[in-house]
Amino acid sequence: MREHIPALIAIIPLMAALIAPVVAYFSMWLVRGISILAILTAHIFSLNALYHSLTVGTWHYYFGDWAPPWGIEYVIDPLSGSMASLVSFISLLVAFYAGPYLKDDTWLKKGIFYGLYLLITSGLLGMVITGDLFNLYVFLEISSLATYAIIASGGRKATVAAFRYLLIGTIAASFYLLGIGYLYAVTGTLNMADMAGRIQELMSSPAVLIGIAMIVVGMGLKAAVFPMHGWLPDAYTYAPPQVTAFIAGVMTKVSAYVLFRVTFFVLGAANGPVYAALTVMGWIAAVGIVMGSVMAIAQKDFRRMLAYSSVAQIGYIVLGISLGNMLGLIGALLHILNHAVMKSCLFLVAGGIKWRTGEHSIAKLAELSGKMPLTMGAFLVAALSMVGLPPTAGFFSKWYLVLGALDANMWPFVIVIILSSLLNAIYFFRVIENFFLKKREAGEAVKRETGAPKESLELPVTMLIPIVILGIGILAIGILNSQIVTNILQYSVPGGGL
Amino acid sequence: MMENLMSGYLIYWLIGVLFVIGIHGIIQKNNFIKKIMAMNIMQVAVIIFFLVLGQKTGATLPILIHGVEGAENYINPLPHALMLTAIVVSLSTTGVALALLLRIQKHFDELEEPDVLRGMDQ
């Protein structure tokens, strides 16, 4: 049993997804239990595998005992182990949070929701732990198709957002597939480690150049790197609130992880064309950081503002990857972790506010701090972390990014990071002012006080626990950041920890 | 002469043209059904690209035949196997897209993009 853990991380949620609609027919309570149990198991296995990779060494799992490069290989090194733990952790919290939203749904809706949700989880976990480029494409499509369907369940406008996301997502996947095709044509292998060994002497070939460009474009589209972010604001705004937190927190980050994995572990970033691609990506990311923040300031809808801020935050991650030195890469990985936790927390809060008040417009949400103290506390921590104030997690990833930029002598990037922090402060302090300081005017009464006692609008416990855990998590990551970096992340970057 | 040209570079250029036609259609056409058709053209271009990669002149099926030794006498089956998966993915993407279009048609009574976007603003 224990030796099969790497495979089970992806397979358990997949199996649970297949039986979810059937189970829902018999018991609505059971389907929720099974879903959460499956994700919890995947999370425990991920942590176990991460621990194994840190103490014993990289864990290679051969599917059906077919040794690579012929068979499919799952590889758990500190990088994929920590990503798998992060994905399953956020997935677990959001699954727990989704309960009250689905209370009134029929068994079919409920079963399909959990089925799709588990499919996304399984696809994303598969993407991070696989060691095979084509297998990655299959998992990418599993998670993407389930995401289109689950976004479309958000109502009238969501169907259009989901359809446009489907078109762009398919273009992205086709680019990625073509890119693999070129690399396969010159190296004759699809296994990442095997390709890394063979591709070095072929770097000057134009086919490799085209392949790299296509993979970067494909994953850039999926990760919503700046000029390719068009699908993201609509998809995040109209998706059902209970899943936006998961999609926003984790999906784009997994694509950024793939970008990192392919450019550094397969292609080897020191080489000519990869270095050029990374430099271009760095400048694009810098523009994206500023543009995303400026667009976020212009938004009136709370969720749309968070969506544009995601575009900026993905820019930080890509910027760190493009710097390519130790500090920059650690900054990028730490920011993947931080942003997953912060953005999930913010979207969970946004969903909670919508659930209580039926309102998304920032201007109409006044005086919530007294009514939802714990939710607003978590929101405050997450917002300060997005701005990057010291004890919170957001400060430290930006700090590493700035150090990395100084190390690489990229002064413009330092200015961009500082400028963007100021812009973040503008749009988050506007929200904080509304939620905490502004008095509600007459006639702006809260619309739906669903079952809550009179003056309190605090969320039910099942929704509150994930929000508070994430809020505490942001502080914990901030305080423990040096331990996280020295014990996990420095082993995750190429050539690190030696 | 013609055969060499075809199997050399021309076929890849044709595939490239097909791929670009697909992307152009997705971006340029207003009708959602036409967008799906363009998406299928793009996916078919990728599939043909892989199949051409597996092609080898003078080689036979990848089944061991007595008397025929050596890898150069058999075509590479892997691209074909990969494309079976890609075809399934393409099929299910089309299925999900059509299901979404049914919902859009129900909500907006329209499948032309500008009209639907106008409907979203209301």
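Largest first, the three principal axis extents of the alpha carbons in region A:132-492 are 71, 42, 33 Å in whole numbers. What do you get for chymotrypsin sites (Phe, Trp or Tyr not before Pro) in region A:295-359 restricted to DSSP loop and a cutoff of at most 14 other Cβ within 10 Å of the site's Cβ? In loop regions of region A:295-359 (DSSP not H, G, I, E or B), there are no sparsely surrounded chymotrypsin sites (Phe, Trp or Tyr not before Pro). Protein-only accessible surface at a 1.4 angstrom probe places the residues A:Ile477, A:Ile142 in the order A:Ile142, A:Ile477, largest first. Roughly how many debye, to the nearest 20, is the charge dipole of region A:132-492 about its Cα centre, given +1 on each Lys and Arg Cβ, -1 on each Asp and Glu Cβ, and no other charges? Value, rounded to 20: 880 debye. The gain in end-to-end length when the B:Glu110 to B:Val88 segment is fully stretched comes to 5.0 nm, 0.36 nm per residue minus the alpha carbon separation. Net charge in the neighbourhood of A:Ser344 (other residues with Cβ under 14 Å of its Cβ; Lys, Arg +1, Asp, Glu -1) is +3.
At the residue level, A:Thr55 shows approximately 80 square angstrom of accessible surface with a 1.4 angstrom probe and all protein chains present. Candidates B:Leu61, B:Ile26, B:Ala81 compared by Cα position along the dipole of chain B: farthest toward the positive end lies B:Ile26, with charges placed on Cβ. Evaluated with a Cβ-only charge set (Lys, Arg +1; Asp, Glu -1), the protein assembly as shown carries a dipole of roughly 1640 debye about its Cα centre, given to the nearest 20.
Over 18 Å between Cα atoms: which of A:Lys253/A:Lys343; A:Lys300/A:Lys371; A:Lys103/A:Lys354; A:Lys300/A:Lys438; A:Lys110/A:Lys343 fall into that group? Violating the 18 Å Cα-Cα cut-off are A:Lys300/A:Lys371; A:Lys110/A:Lys343.
The residues of region B:48-91 listed by number as losing at least 50 Å² of accessible area in the complex, against the isolated chain and with a 1.4 Å probe, are B:Phe49, B:Phe50, B:Leu82, B:Val89. Think of chain A as a dipole: +1 on every Lys or Arg Cβ, -1 on every Asp or Glu Cβ, centred on the Cα centre; then among A:Met386, A:Gly351, A:Phe226, A:Gly351 lies furthest on the positive end. Legend: helices of chain B (whole DSSP H runs) are marked when their alpha-carbon atoms reach 24 angstrom or more along the helix axis and their mean Kyte-Doolittle hydropathy is at least 1.6; marked are B:11-28, B:32-54. Shown for region B:10-122 is the translational diffusion coefficient from the Stokes-Einstein equation, using the Kirkwood radius over Cα pairs, a temperature of 10 °C and a viscosity of 1.306 mPa s: 95 µm²/s.
The apolar share of the surface of chain A, taken as the fraction of accessible area on carbon and sulfur atoms (1.4 Å probe, ligands and nucleic acids excluded), comes to 70 percent. Calculated mean residue ellipticity, 222 nm, chain A: -23500 deg cm²/dmol, from DSSP H runs (n ≥ 4) at -39500 (n - 2.57) each, averaged per residue and rounded to 500. Here is the size of the protein assembly as shown from its Cα atoms: Rg then Dmax, 24.3, 92 Å. Amide H to amide H, with H built 1.01 Å from N, A:Lys438 comes under 5 Å of A:Glu367, counting only residues 5 or more places away or on other chains. The ellipsoid equivalent to the alpha-carbon distribution of region A:199-296 has semi-axes of 29, 15, 10 angstrom, derived from the gyration tensor eigenvalues as √(5λ) and listed largest first.
At what distance in angstrom do the alpha carbon centres of region A:5-78 and region A:187-254 lie from each other? Cα centres, region A:5-78 to region A:187-254: 23 Å. Applying a length cut-off of 27 Å (Cα extent along the axis) and a mean Kyte-Doolittle floor of 0.5 to the DSSP H helices of chain A leaves A:5-26, A:28-55, A:78-97, A:107-129, A:133-152, A:156-187, A:272-297, A:302-323, A:326-357, A:411-432. Computed from the C-alpha gyration tensor, the three semi-axes of the ellipsoid equivalent to region A:1-131 are 30, 15, 10 Å, from longest to shortest. In the context of the full set of protein chains, chain A has a per residue accessible area of 35 Å² (1.4 Å probe). Taking all protein chains into account, the per residue accessible area for region B:1-102 stands at 61 Å² (1.4 Å probe).
Each other residue within a Cβ distance under 11 Å of A:Ser309 adds +1 if Lys or Arg and -1 if Asp or Glu, for a net charge of +3. A Cβ-based charge dipole, computed about the Cα centre of chain B with Lys and Arg at +1 and Asp and Glu at -1, lands at about 120 debye. Both radii come from the Cα set of region A:147-228: Rg as radius of gyration, Rh as Kirkwood radius; their ratio Rg/Rh reads 1.15. The stretch between A:Tyr25 and A:Asn487, if pulled fully straight at 0.36 nm per residue, gains 161.8 nm over its current Cα-Cα span. Chain A against chain B buries an accessible area of about 2900 Å², both chains summed, 1.4 Å probe radius. Spin-label model, A:Ile297/A:Thr279: points 7 Å from Cα along the beta carbon direction are separated by 3.1 nm. Which net charge results when you count Lys and Arg as +1 and Asp and Glu as -1 among the other residues whose beta-carbon is under 13 Å from that of A:Phe134? Every neighbour counted, the sum reads -4. Ranking A:Val431, A:Val56, A:Val217 by solvent-accessible area of protein heavy atoms (1.4 Å probe, all protein chains present), from largest to smallest, gives A:Val56, A:Val217, A:Val431.
The values are calculated or read from the model by the stated rules, or taken from the named source; none is laboratory data. Predicted model only: the values in this text are computed from it and were never measured. No Cβ is skipped: glycine too gets one built from the backbone with ideal geometry, and neighbour counts run over all protein chains shown. Protein only, heavy atoms only, side chains kept; ligands, DNA and RNA dropped before computing areas. Shrake-Rupley method; radii C 1.70, N 1.55, O 1.52, S 1.80 Å.
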